[in-house]
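Nothing in this text is a laboratory measurement; each read-out follows from the coordinates by a stated rule. Keep in mind it's a predicted model, so treat the numbers as computed, not measured. Cβ: placed from backbone, ideal geometry, glycine included. Neighbour counts: every protein chain shown.
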Amino acid sequence: MSFRTAAIAFAVLLVAGCAGSSKVMLGQARAPIDPAQVQIYRTPPVGALEIAQLESKSAVGFGTQGQTDAAVARLKREAAALGANGVVLLGVGSSGSPVGMSVGAGSYGRHSGGGLSMGIPTTQKQAAGVAIYVPPGTPVDPSIVVPATPPKAK
């Protein structure tokens, strides 16, 4: 395997293992549901029941919209696993995650070798929210609902 192939494989493995989530239970969990049924809200509808506080992180990348979408999708999956049919989105942010790689050098007799070092500035998107259960028939103000697919910039 060439050095370049090894470096790419190392970076892919590093990126793949960095996503995660956490939760703090605030109420009673329910039977799991399909994540597609989980609605994102700006504020909780009147009568909603809190289930858990959630935090999620995307994989390491270059700060793309896809990373933000992945962090929010992870919140929805975690909420669905707890039986929540909604998530009140508290915020989305990013943190730096410098990735570095270096190769050493050495010599033996008249033979010597050099090295390579590089740094790749990357970010990781984070999302926080509260998993909620909105009872069926609860009136919901449409202005507090976050659209499922954001409008694309032109």
Next item on the list: Can you tell me which of 32-38, 127-133, 43-49 comes out highest on packing, and rank the rest after it, using the mean Cβ neighbours within 10 Å?
Entry: 127-133, 43-49, 32-38
Check: Separation between the Val146 and Gln53 pseudo-spin-labels, each 7 Å from Cα along Cα→Cβ, expressed in nm?
Finding: 1.8 nm
